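The values are calculated or read from the model by the stated rules, or taken from the named source; none is laboratory data. This structure is a prediction, so every number in the text was calculated from the model and none was measured. Cβ placement follows ideal geometry from the backbone for every residue including glycine, while neighbour counts extend to all protein chains displayed.
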Amino acid sequence: MPDLLIELFSEEIPARMQTRAADDLKKLVTNGLVEAGLTYASAGAFSTPRRLALSVEGMLAESPTTREERKGPRVDAPDKAIEGFLRGAGVSRDELEVRDEKKGQVYFATIEKPGRPGAEIVAELLESTIRNFPWPKSMRWGAGSLRWVRPLHSILCILSDENGAEVVPLSIDGMAAGDVTHGHRFMGPGAIKVTSFDDYSAKLAKAHVVLDAAKRADTIWHDATNMAFAQGLEVVEDKGLLAEVAGLVEWPVVLMGEIDAEFLDLPPEVLQTSMKEHQKFFSVRDPKSGKIVRFVTVANRETADGGATILAGNQKVLSARLADAKFFWENDLRVAKDAKMQPWLDSLADVTFHNKLGSQKDRIDRIKALAREIAPVVGADPDPAAQAAEVAKADLSSEMVYEFPELQGLMGRYYAEAAGFAPEVAAACEDHYAPLGPSDDVPTEPVSVAVALADKIDTLTGFWAIDEKPTGSKDPFALRRAALGVIRLVLSNKVSASLTGIFFAQLEREYEAVLAIDMHRVSDMHQVGDMHSIGKRPTTPIDEQADDLLSFFHDRLKVHLRDQGIRHDVIDACLAMPGNDDLTLLVKRAEALAAFLKTDDGENLLQGFKRANNIVTQAEEKDGVEYSFGADIKFAETDEEKALFKALDTAEPNIAKAMEAEDFAAAMSGMAALRAPIDAFFEAVQVNADSEVLRRNRLNLLHRIRAICTSVADLAKLEG
């Protein structure tokens with residue numbers, strides 16, 4: 001069974017495309033092999049800046065011969081139908097077999113496809129793969145029609161076994177496949193002939209090419225961290241940068257350089273961001289001071305001077321970049337210290353947030369009002385919360401954030417501190433964007449929580465007010481992420497509040513904003529005569545929009561809780577209860593119910609409830625009455641019936657008291673006490689007795705079971 005080796009050698013492939021391209025090559029080729037009948041034992045794909053490679057081991061030497069039996073039309077079918085079947089099967093009428101079936105005689109064709117040599121299949125498959133490769137961007141060069149991410153120089157394609165290697169006969173736009181590759185651009189020995197994958201990878205290593213991207217990344221990280229450790233320093237971890245740099249070099253050579261002393265007082269995040277974005281340098285930190293004091297760069301070659309010339313050039317370019325960052329920093333600090341960031345706040349009036357929702361300044365005013373209202377709910381002082389909301393986005397107008405947008409929020413904290421704002425206000429400037437993703441830390445300082453909630457809720461209510469809601473997989477304004485952020489803020493900080501009320505108040509502000517903007521357009525366009533059609537509030541009632549937004553939150557909450565192992569039907573049972581706009585209360589109820597249902601008492605009580613509920617529901621439909629009152633112990637005949645009355649009398653006030661205290665675990669415990677008497681009742685008592693008095697009394701008793709159980713959650717929505 002031969003092994004297949006493919007290499008596509010080109011000019012430098014962008015680092016961000018390499019991993020995906022290697023995966024695509026593997027998928028396209030191996031899927032094609034299997035479809036053609038060439039099974040294989042294993043496959044591995046590799047990428048460097050100048051090559052994509054694929055190794056397929058244990059492949060069949062040729063595809064097997066196949067026989068397919070295909071049923072055709074009846075013998076007495078029209079000639080056109082028979083001729084169509086012959087064309088589709090690729091056989092003649094003489095080759096058809098007639099068989100007797102229930103509906104008459106039917107034609108059958110046996111189609112035999114002989115096996116094909118593996119080399120022939122690989123050649124066809126690889127040409128199709130190369131010509132149709134799914135690059136995000138590709139180019140043509142020279143006079144050929146072939147497109148590739150960068151000019152393709154050579155194709156290596158060989159099949160090898162114990163008898164040696166053979167080149168797969170293949171030519172694309174005059175480029176014939178061969179058994180030759182090339183090593184490192186500067187340190188390689190020239191053309192290299194290979195006979196197998198092991199030979200290929202070994203000779204590339206001698207030619208200063210590390211084929212495996214993961215090994216290149218490991219080498220970079222190992223050498224960089226050891227170099228830093230030797231000087232009592234540490235490399236700032238950045239997995240994304242590590243993967244990118246590993247895609248920029250074939251032979252990684254790690255070098256550590258100096259940062260000019262005049263830049264060491266810049267915020268470490270500024271240094272780190274500038275070096276990463278512009279130079280692809282790793283930051284090296286002094287763990288004692290937290291300052292960035294060195295950088296690590298990765299060269300693609302060894303030099304006689306040990307990289308001194310490379311470092312000198314890098315340090316020169318870095319100093320120019322950091323001089324810009326220092327200029328931005330010092331200018332911004334002056335605005336923060338001397339003017340309390342007011343010029344930035346004023347300029348936000350000229351920055352459009354959304355053409356239907358006004359400027360960033362308009363939005364800040366709405367967030368400020370909401371943060372003041374939310375503050376007492378989360379244990380924050382309203383005045384600092386409002387102040388933090390007012391200045392939290394001021395850094396959007398700063399020179400530093402204009403240059404490095406990813407530093408927004410963080411620079412706001414630095415500038416707020418420089419302006420003399422209280423520590424909790426400065427912290428909120430950085431924290432109010434969080435959490436951005438499911439793994440981000442959630443703010444816990446009350447002022448930060450108030451502003452973060454206000455910011456996200458304003459985003460949601462604003463786009464709800466103008467009917468720009470997520471549809472299907474489309475969510476251009478990241479509203480699902482904003483809703484999940486609110487959910488995590490609320491649950492992590494155990495915030496208990498009515499979201500419907502908050503939504504309603506903020507939607508009122510959004511509606512007024514939409515009206516004001518429309519009125520302004522009318523004024524600008526001198527269309528006062530069209531006031532009946534322009535300058536109106538949104539038409540959907542606010543309470544409907546608030547309810548719709550709450551449903552959106554419930555959908556996101558279901559996903560969030562399912563990820564934590566809470567069943568969807570448990571969530572639905574709790575959503576059906578009053579107060580479902582208090583997410584903390586809702587989750588507390590769901591967690592208690594989920595835990596209860598995992599016990600024997602919970603599982604059995606659920607069955608008892610469902611039996612009681614079904615009997616009462618069917619009786620009410622049949623009799624046209626509601627059995628909701630009148631159960632009296634004096635009509636109880638059996639001991640089990642009397643015991644159930646007493647158990648309900650005991651449990652009902654206990655459960656009601658627990659529910660009032662929002663102690664759902666205690667309420668579940670109270671329900672657990674009903675399990676045994678309910679089980680005993682159904683074993684001993686016939687509900688539909690001959691006596692109508694007894695029947696009505698027992699149905700009313702079952703209604704009590706239903707009412708008590710559904711006071712905790714709508715158990716009818718539970719499965720099982």
Those residues of region 70-110 which are assigned to a strand (DSSP E or B) and either polar (S, T, N, Q) or in the same structural domain as Pro169 (by TED's automatic domain parsing) (or both) amount to Gln105, Thr110
Which numbered condition in (1) touching a Pro at 6+ places or on another chain (Cβ under 7 Å); (2) touching a residue at least 60 places away in the same chain (Cβ under 8 Å) is the only one that Lys588 fails?
(1)
Given the structure, is Arg695 assigned to a helix (DSSP H, G or I), at pLDDT 90 or above and more than 50 Å from the chain's Cα centre (by Cα)?
yes
I want to confirm something. Restricting to region 343-365 and keeping residues that are among the hydrophobic types (A, V, I, L, M, F, W, C) and part of a loop (DSSP other than H, G, I, E, B), which single residue is farthest from Ala513 (Cα to Cα)?
Val351
Picked from region 75-129 (must be under 23 Å from Ala61 (Cβ atoms) and among the hydrophobic types (A, V, I, L, M, F, W, C)), the residue surrounded by the fewest Cβ atoms within 10 Å (Cβ to Cβ) is Ala123
How many residues are surrounded by 14 or more Cβ atoms within 10 Å (Cβ to Cβ) and either closer than 12 Å to Leu648 by Cα or of a type outside the set (A, V, I, L, M, F, W, C) (or both) when one looks only at region 682-700?
5
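Each row is one residue, and each column tells you yes or no for (1) crowded, with 16+ Cβ neighbours inside 10 Å; (2) farther than 23 Å from Met17 by Cα; (3) more than 41 Å from the chain's Cα centre (by Cα); (4) in the same structural domain as Ser10 (by TED's automatic domain parsing).
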site	(1), (2), (3), (4)
Ala143	no, yes, yes, yes
His153	no, no, no, yes
Cys157	yes, no, no, yes
Glu162	no, yes, yes, yes
Ala165	yes, yes, yes, yes
Met175	no, yes, yes, yes
So which residues in region 375-393 are among the aliphatic types (A, V, I, L, M), touching a residue at least 40 places away in the same chain (Cβ under 8 Å) and out of contact with any Pro (no Cβ under 9 Å at 6 or more places or on another chain), if there are any at all?
Val377, Ala388, Ala389, Val391, Ala392
Search region 341-374 for residues being among the β-branched types (Val, Ile, Thr) and at pLDDT below 95, and hand back the single one that is nearest to Tyr414 (Cα to Cα).
Val351
Looking only at helices (runs of 4 or more DSSP H) that fall completely inside region 396-493, which ones have 3 or more residues that are buried (at least 20 other Cβ atoms within 10 Å of the Cβ) and within 26 Å of the chain's Cα centre (by Cα)?
423-431, 446-465, 479-492
Just checking, does region 580-596 include any residue being in contact with a Leu (Cβ under 7 Å, 6 or more places away or on another chain) and either exposed (fewer than 15 other Cβ atoms within 10 Å of the Cβ) or more than 19 Å from Ile487 (Cα to Cα) (or both)?
no
I'd like the full set of residues that are touching a residue at least 60 places away in the same chain (Cβ under 8 Å), under 38 Å from the mean Cα position of the chain (by Cα) and in a helix (DSSP H, G or I), limited to region 647-682.
Phe664, Ala665, Ala667, Met668
Quick check: anything in region 600-617 over 31 Å from the mean Cα position of the chain (by Cα) and part of a loop (DSSP other than H, G, I, E, B)?
no
Top-ranked residue in region 227-257 [being in a strand (DSSP E or B) and in contact with a Phe, Trp or Tyr (Cβ under 8 Å, 6 or more places away or on another chain); ranked as surrounded by the fewest Cβ atoms within 10 Å (Cβ to Cβ)]
Gly257
Criterion violated by Leu54 - all others in (1) in a strand (DSSP E or B); (2) exposed (fewer than 15 other Cβ atoms within 10 Å of the Cβ) satisfied
(2)
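Residue-by-condition table, conditions (1) touching a strand residue (DSSP E or B) at 6+ places or on another chain (Cβ under 8 Å); (2) more than 19 Å from Ser138 (Cβ to Cβ); (3) not charged (D, E, K, R):
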site	(1), (2), (3)
Glu7	yes, no, no
Glu12	no, no, no
Arg16	no, no, no
Thr30	yes, yes, yes
